[in-house]
Amino acid sequence: MKKNMAILMTALTLAFPPAMAANATVSEASVIDETSYTKYQDIDYTGSLGEKLKIHVQSTEDEAEMLLTFDFYGDKASVKVSRTDDGRFVVTDGGFFATDGAEVAELSVENSNWKLI
């Protein structure tokens, strides 16, 4: 199972390179370090492949940038998400989780169950 997931992850990474996400219109502060995150929450999420994930979401105060960290089939994954000028979320680092990452960011904003870091 883990070998099949590794093959799938490699295929998705090649099919959706990070450059695709970079082509989206993203605010100028799209690359930030972890120290600029001011709040967090944990989200239970069922991914597009049916996997159950507990995702730790860190966010900037204005929710324009988020860092999603989670265990993905035994490997630690990190995905950065940014809000575009038109209000949509796009994955700016970690392209294999592009659709799910945007959904987790939206869910985080909706839940608004933030705790201060």
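The values are calculated or read from the model by the stated rules, or taken from the named source; none is laboratory data. As the structure is a computational prediction, the values presented were derived from the model and not from experiment. The area values use the complete protein model at the heavy-atom level, side chains included, leaving out ligands, DNA and RNA. Shrake-Rupley method; radii C 1.70, N 1.55, O 1.52, S 1.80 Å.
Odds and ends about this structure:
- Residues SER78, SER59, sorted by accessible area with the largest first, give SER78, SER59 [1.4 Å probe; ligands and nucleic acids excluded].
- Rounded to the nearest 10 square angstrom, LYS115 shows an accessible area of 90 square angstrom against a 1.4 Å probe.
- Kirkwood estimate for the stretch 57-117, i.e. one over the average of 1/r between Cα atoms, Å: 11.7
- Accessible area of the stretch 59-110 divided out per residue, in Å², using a probe of 1.4 angstrom: 43
- ILE117 accessible area, 1.4 Å probe, all protein chains in place, Å² to nearest 10: 120
- Centroid-to-centroid separation of the stretch 42-73 and the stretch 94-117 [C-alpha atoms, Å]: 5
- Other-chain or far-sequence residues with amide H under 5 Å of THR38's (modelled H): SER59, THR60, GLU61
- Counting only protein chain heavy atoms and rolling a 1.4 Å probe, the accessible areas of ASP44, ASP75 rank, largest first, as ASP44, ASP75.
- Heavy atoms of GLU110: accessible area, 1.4 Å probe, square angstrom to 10: 140
- Between THR46 and THR99, the contour length at 0.36 nm per residue exceeds the alpha carbon distance by 17.9 nm.
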